[in-house]
Amino acid sequence: MSDVVERTLSVLPGLLGQHEPGAGPGGAGGPARASATSRLGSLIRSITALTSKHEEEKLIQQELTSLKATVSAPTTTLRLMKECMVRLIYCEMLGYESSFGYIHAIKLAQQGNLLEKRVGYLAVSLFLHENHELLLLLVNTVVKDLQSTNLVEVCMALTIVSQIFPREMIPAVLPLIEDKLQHSKEIIRRKAVQALYKFYLIAPNQVQHIHDKFRKALCDRDAGVMAASLHIYLQMIKENSSGYKDLTGSFVTILKQVVGGKLPIDFNYHSVPAPWLQIQLLRILGLLGKNDPRTSELMYDVLDESLRRAEINHNITYAILFECVQTIYTIHPKSELLEKAAKCIGKFVLSPKINLKYLGLKALTYVIQQDPNLALQHQMTIIECLDHPDPIIKRETLELLYRITNGQNVVVIVQKMLDYLKESKEEYAIINLVGKIAELAEKYAPDDEWFIQTMNAVFSVGGDVVHPDIPNNFLRLLAEGFDDGKGDDQLRIYAVQSYLALLEEEDALYPQKLLQVMSWVLGEYSSLITDVDPEVILTKLHSLLKKTCVTSETKAWIMAAVTKIASRTSCSKTVDKLIQEFSNSLETYMRQYVFELKHLCENKVLMKKFLPFDASCNDMVVDASLSFLDGFVAEGLGRGAAPYKPHHQRQEEKLSQEKALNFEPYGLSFASSVSSSGITGRQSPTVLSFGSDTSGNSAETGHKETNTLKLEGVRKLWGKEGYLPKKENKVGKENEPQTVACGSLLAGQVGDPPALRSEQVAILSEEDKEKQQLASTLFIGLGSNAGVSLMGKADTSTQKFKRKSKINETQNIEEASDFQNAAASDFGPLLDTVPINMEDCEGNLHTRLRKASLCSSDIVEDNLAFETPQALKKSGLDQRLSDSRLSQSSLFADSNIEIFQPPPSAQCESASKTPLVPSLPEELKELTHSEVVELCQNDALALYLCKVWTDDSLLLTVFVSNKTISALSAVNLVFEEAEHFQILESPSYQFPVIEARSVEHCQKCVWMDKICTQGVLSGSLNFQSEMETHLEFSVTLSLLDFIRPMEMTTEDFGNLWLSLSNDVKQNIKMSSSQDSLSAALNTLQQKLKLHIVDIIGNEGILACQLLPSVPCLLHCRTHSGMLALWFRSPCSALPDGLLYQCQKVMEES
Amino acid sequence: MIKFFLMVNKQGQTRLSRYYEHVEINKRAMLEAEVIKNCLSRSKDQCSFIEYKDFKLVYRQYAALFVVVGINETENEMAVYELIHNFVEVLDKYFSRVIMFNLDRVHIILDEMVLNGCIVETNRSRILAPLFVLDKVVES
């Protein structure tokens, strides 16, 4: 359009007339436009003149009130409206929301004339965000303008589309925009390409079919259109460079022409031809030539020329040179070019211009991994930069040093980093640097003393913003020791000594994290030091407890330390004093700790057993089902307490109570229900999950027993005479306060029918397995406290501190959290608290504990959850189908269901006589899918569900079968909003009509929004028959439903690996059936749908993604019967979830 | 990628802001205040790039006015530094005196140059072309 525009000077004066700063409110007789603008002017001027924020707020509120009146007045002209919009933009810019104007902005875009329309669009793009609902109202206007004969309007429409457009409306404008690619005016073609770029960003699938047209745009005769298409190509090549190698020649030619000055002169910027275009092309070439000698070959010439041409001394040429250097060091190397690039970097680094120095350091940091010699060349400059007055330069230099740290220079570099930290105030910088120091210290520490001192510095400087992994890793390292085991105690002694020294200083204030680390180390290892009286240490800890600056979490750590030390001394005055002092503390948790301590002190033998020395790494077994409370519960029920109901059951009942009339038969009278539903509800975690694992038939095991109190499989830890140590081979983690507290309180209360004991032994092994699984579920998140070292570093093998491999690392170093959990669950004299605790656990354990209920819908859930791992195999469709069919038939055999007691809601009354069994539509049968299972039903309808695992989502196919002999109309299916899941498009679906005795189905795509191992999606079905009927159902979805294999090359894996930060490491034991790495990996591939990228020796790498596209990488290594798993992902929760699944499948196979 | 484009005066008053990633309106003012504080704390002989949280600020000062651009690590700082100057040169070419009363036009110019956080046009005559056409229509 530039040719249309005649930029004559005659236009300018008229335009500039309005910029008179002197024009006051009212415009003093000037043209209307000028007066309108000056209203904004006067607003700005009066705000500038104000001195306080309060005055500003008052003035703006006033302004907004008057604007509100003006915009909603029917007499307001479009011109005035435009002026109001600009003022609204100004108010919003200052942070005052003016949402009343949004709709008027849309109206202005719709009705306005050119400039007014442009301002309307502008206001829309500034006010609304991508998902704003009002945006839909704009679509019509955009469509109209795209079809306009006025090019200015077309331009505006294309601009707004490329700024902000609702994704779901793309189809409405896409054909129109595609047409514009052939337009005769360059500006239209250019803007159309920009709009398509936007579409590519928000919905790549929708523009897949026009890739050819992108190529045409790349070859457009106009440079601007070509440049616009580069954005799309950069993006696409970033995602998949191998698909565009054939275009390398074109990009090289274009760059050659640009560098050679073949573009029109107005593309020059300070006589450099199209610099930003050059930069864009250099980036693309870098991506294409990476690890590809043949493609790189094609670009050597043009890179050489770029380096040569960019010799004018101007900032913009430096920008090009920087990009050039980066590209040269990214692609397959050519020594001649590397030399030139290195020279160029040298020039940058040595430059007196500070911005250039920064750029040089950044380039050096980038290339130093390929060529460490370059650092040697510039070592003096680097040293100078380290003491540079500009902290930004310093920080960049430290970043550079971090990359070249090794065993020899670590002391110096870490010292420099610590020096920087002491001056730095910015939290983000501190977190970042502290993490790096901890990593380097762990990797390269020259000796123990230095390591401890450095870590102390990390904790004191980092304060409480340090990443929680750092203290956890540190403690773990101390606890687990090193490969040789020799220096372990030495290091611990150093640590204890240094902390005692720190505590000597009376008035020092230490961050909480440091205090916690100190407490733990003193508690565990202070007895290694023989020359210090434990009494002295206890006194110090005691005085810490009294300080006000110590948080309650830290106090928990300190109390744990005191308890541990107390267990090793015969009697201590300090402990007695402490007990006395805090028994009356106003803080409940303190009273509780002291109470526990007191009881333990009274029984020293027991205390020693609980708190053996240096046992933090030993395995522990946690009775997470709280089975030792069963007797207590039974007693409570016997006294008439209400039985526990799981949360969702309570919810269902609450909902059903809301109905006006109750058509269900009343439940059995209370006396008998105590023994049936009541006990089952309570005991179920042990019974049902246990049953489902042993026989694969949870229904049977679970429900046959409903008339007796089931106590087999429940291990008795506590009996009438108190603790029963002889029957117990592992008492769980010995210093586990939870067990302690329960013991002291409940010892006298829990009955122990001796007759049941003989059964315990037989079941113990199964039980153990179950519990281990529970333990791994419980402590799964804490496994992530593993290392931070970068896999990419070449010299990981030289690490100073290598961790010992442990058989089972599912332990929790953070005892504080145990304390806290214990606080909730220990003291439950009333039955009421038990259900609450159960619910808490339920939340934690996600799955296991909720596998129990009489309701049929729950059984379905169990089935879904249960069969998923088997059913998810990528290959072997037939086998999978038969698998899932098996599990279904065994779970849903009619005989099982008929054993059910009729539950209050009578939902599964007629489960055995389903008339209509739905099947998947043909097009879905091709895809991997689960069996069709029944969700719920009543007299009229039955609801079935089938999971279809498509490549890009989980497709839930819901079947509604009409069992009646008349057609049902307006059957409405609604999914409730779930915390963890997102239903694409609408969460509801209406079946207009379902014919008599027929089946209808609908499909919903689901993504996992928030990661969990398993979650429940519930919903309801409403319809009108004689009366309104409401049917509820819920579906259990597992993380695995949303995991898909991710294909990639080893190189891509390596690159991605380095760019990811969330680490989770865990060793798991391999069973005899999968002793080889490939067998283990195959198990993971089949059951978890991971993609095996590569296997090298005893190491393997796998990749998968969580839908829609969150990658998770896995690195596996086998050694001595163990499989070391190392996950990385951009999402922190994903590795934990996958780790859990890995453990599960490895144990199952 | 460019995350935001700001013009702030020395007193910390925002003259123009454009965000290319959605930021809640109440968080903007705070961010802008922090940004300008960071810029003001730096002297002339310090470099024009600031590491700020997980992104970088590139700033240039023109008399009492700061132009600050927030970018992520994929962007070339120097190229953005010059983009700012290019933008100012375009403004200079279009406006003769005060630009702050023409918020809408400054936005229109910026929209031609930067879209979705990408630099889309740097050719001065092409940047101004649509605006000149609009002005011509208004004039007639």
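From the alpha carbon gyration tensor of segment B:2-139, can you work out the equivalent ellipsoid semi-axes (sqrt of 5 times each eigenvalue) and give them in Å, largest to smallest?
Working: eigenvalues 124, 51, 46 Å².
That gives 25, 16, 15 Å for the three semi-axes.
Using the scaling law 2.2 N^0.38 Å as the reference, what is the normalised Cα Rg of segment A:93-147? Could you put the intermediate results ahead of the total?
Details: Rg = 11.0 Å, N = 55, 2.2 N^0.38 = 10.1 Å.
So the Cα radius of gyration is 1.09 times the expected 2.2 N^0.38 Å.
Label points 7 Å out from Cα along the Cβ direction at A:Lys1010 and A:Glu305: separation in nm?
It is 5.7 nm.
Applying 1/(1 + (r/R0)^6) with R0 = 35 Å to the Cβ-Cβ distance of A:Ala73 and A:Leu50, what FRET efficiency is obtained, to the nearest 0.05?
On the way: r = 28 Å, r/R0 = 0.80.
Computed FRET efficiency for A:Ala73 and A:Leu50: 0.80.
Take the cross-link list A:Lys353/A:Lys394; A:Lys573/A:Lys608; A:Lys245/A:Lys334; A:Lys555/A:Lys577 and give me the ones stretching past 23 Å between alpha-carbons.
none
Once both labels are modelled 7 Å past Cα along the beta-carbon direction, what's the B:Gln61-A:Val465 spacing in nm?
Modelled inter-label distance: 2.5 nm.
Just checking the output field for A:338-345: average partner chain Cβ neighbours within 10 Å of each residue's Cβ?
Details: counts 0, 0, 0, 0, 0, 0, 0, 0.
Neighbouring Cβ atoms belonging to other protein chains average 0 per residue here.
Once the Cα atoms of helix B:25-40 and of chain B are each reduced to a long axis, what angle between those two axes, in degrees from 0 to 90 to the nearest 10, is obtained?
Rounded to the nearest ten degrees, it is 70.
Any chance you could run the full-extension gain for A:Asn240 through A:Cys1002? It's 0.36 nm times the residue separation minus the Cα-Cα distance, nm to one decimal.
Details: separation 762, 0.36 × 762 = 274.32 nm, distance 3.49 nm.
Difference between extended and current length: 270.8 nm.
Averaged over B:79-89, how many beta carbons belonging to a partner chain fall within 10 Å of each residue's beta carbon? Present the calculation step by step, with values, prior to reporting the outcome.
Numbers: counts 12, 2, 6, 11, 5, 0, 4, 5, 0, 0, 2.
Per residue, the number of nearby Cβ atoms from other chains is 4 on average.
Counting only other chains, and only Cβ atoms inside 10 Å, what mean value do you get across the residues of A:312-319? Provide the component values of the computation, followed by the final result.
Values: counts 0, 0, 1, 6, 8, 2, 5, 8.
Neighbouring Cβ atoms belonging to other protein chains average 4 per residue here.
Within segment A:276-304, list the residues whose amide N lies under 13 Å from a label point set 7 Å along Cα→Cβ of A:Gln369.
Residues A:291 fall inside that zone.
Within 9 Å, Cβ to Cβ, of A:Ile354, how many net charges do the neighbouring residues add up to if Lys/Arg are +1 and Asp/Glu are -1? Please list the in-between numbers first.
On the way: positive: A:Lys353, A:Lys357; negative: A:Asp390, B:Asp45.
Around A:Ile354, the charge tally is 0.
Suppose R0 equals 56 Å; then what is the FRET efficiency for A:Ser42 and A:Gln379 from their Cβ-Cβ distance, rounded to the nearest 0.05?
Numbers: r = 60 Å, r/R0 = 1.07.
Plugging the Cβ-Cβ distance into 1/(1 + (r/R0)^6) gives 0.40.
For A:Pro1111, what charge total do you get from the other residues with a beta carbon under 13 Å from its beta carbon, if Lys and Arg give +1 and Asp and Glu give -1? Let's see the in-between values first.
Numbers: positive: A:Arg1044, A:Arg1128; negative: A:Glu239, A:Glu1047, A:Asp1052.
Surrounding charge for A:Pro1111 is -1.
Indicate the gyration tensor shape class of segment A:443-568 (rounded, prolate or oblate), computed on the Cα atoms with a ≥ b ≥ c the square roots of the eigenvalues: a/c under 1.5 is rounded; otherwise a/b larger than b/c is prolate and the rest oblate. Present the calculation step by step, with values, prior to reporting the outcome.
On the way: a/c = 1.68, a/b = 1.19, b/c = 1.41.
Because a/c hits 1.5 or more and a/b fails to exceed b/c, segment A:443-568 counts as oblate.
Which order results if B:Ser43, A:Ser1109, A:Ser953 are arranged by neighbouring Cβ count within 10 Å, fewest first? Numbers along the way, then the final one.
Working: B:Ser43 7, A:Ser1109 10, A:Ser953 22.
Lowest count first: B:Ser43, A:Ser1109, A:Ser953.
Loop only per DSSP, at most 15 neighbouring Cβ atoms within 10 Å: give me the chymotrypsin sites (Phe, Trp or Tyr not before Pro) in segment A:548-649, ordered by residue number. Numbers along the way, then the final one.
Numbers: sites: A:Trp557, A:Phe582, A:Tyr589, A:Tyr593, A:Phe595, A:Phe610, A:Phe613, A:Phe628, A:Phe632, A:Tyr644; in loops: A:Phe613, A:Tyr644.
The qualifying sites are A:Phe613.
Order these by the 10 Å Cβ neighbour count, fewest first: A:Ile170, A:Ile316.
Working: A:Ile170 20, A:Ile316 25.
Final ranking by Cβ density, sparse to dense: A:Ile170, A:Ile316.
Under a point spin-label approximation (7 Å from Cα along Cα-to-Cβ), what is the A:Ala203-A:Asn584 distance to one decimal in nm?
Calculated label separation equals 7.2 nm.
Once you list every other residue whose beta carbon is under 13 Å from the beta carbon of A:Pro333, what net charge do they have if Lys and Arg are +1 and Asp and Glu are -1? Can you show the working numbers first?
On the way: positive: A:Lys290, A:Lys334, A:Lys340; negative: A:Asp292, A:Glu297, A:Glu336, A:Glu339, A:Asp371.
Value of the local net charge: -2.
Using 1/(1 + (r/R0)^6) with R0 = 35 angstrom and r between the beta carbons of A:Asp939 and A:Gln982, what's the FRET efficiency to the nearest 0.05?
Working: r = 34 Å, r/R0 = 0.96.
Calculated transfer efficiency: 0.55.
Do any of A:Lys82/A:Lys213; A:Lys198/B:Lys27; A:Lys117/A:Lys198 go past 28 Å between their Cα atoms, and which? Don't skip to the answer; put the middle values down first.
Numbers: A:Lys82/A:Lys213 37 Å; A:Lys198/B:Lys27 26 Å; A:Lys117/A:Lys198 22 Å.
The pairs that break the limit, which is 28 Å between Cα atoms, are A:Lys82/A:Lys213.
Provide the gained length on full extension for the span A:Thr530 to A:Gln182, in nm with one decimal, where the gain is 0.36 nm per separating residue minus the Cα-Cα distance.
Details: separation 348, 0.36 × 348 = 125.28 nm, distance 8.71 nm.
Answer, rounded to one decimal: 116.6 nm.
How do A:Trp520, A:Trp949, A:Trp1007 rank when sorted from fewest to most other Cβ atoms within 10 Å of their own Cβ?
Numbers: A:Trp520 27, A:Trp949 22, A:Trp1007 16.
Neighbour counts put them in this order, fewest first: A:Trp1007, A:Trp949, A:Trp520.
Taken together, the values in this text are just the output of simple stated rules run on the coordinates, not laboratory data. Keep in mind it's a predicted model, so treat the numbers as computed, not measured. Ideal geometry is used to build each Cβ from the backbone, glycine not excepted, and the neighbour counts take in all protein chains shown.
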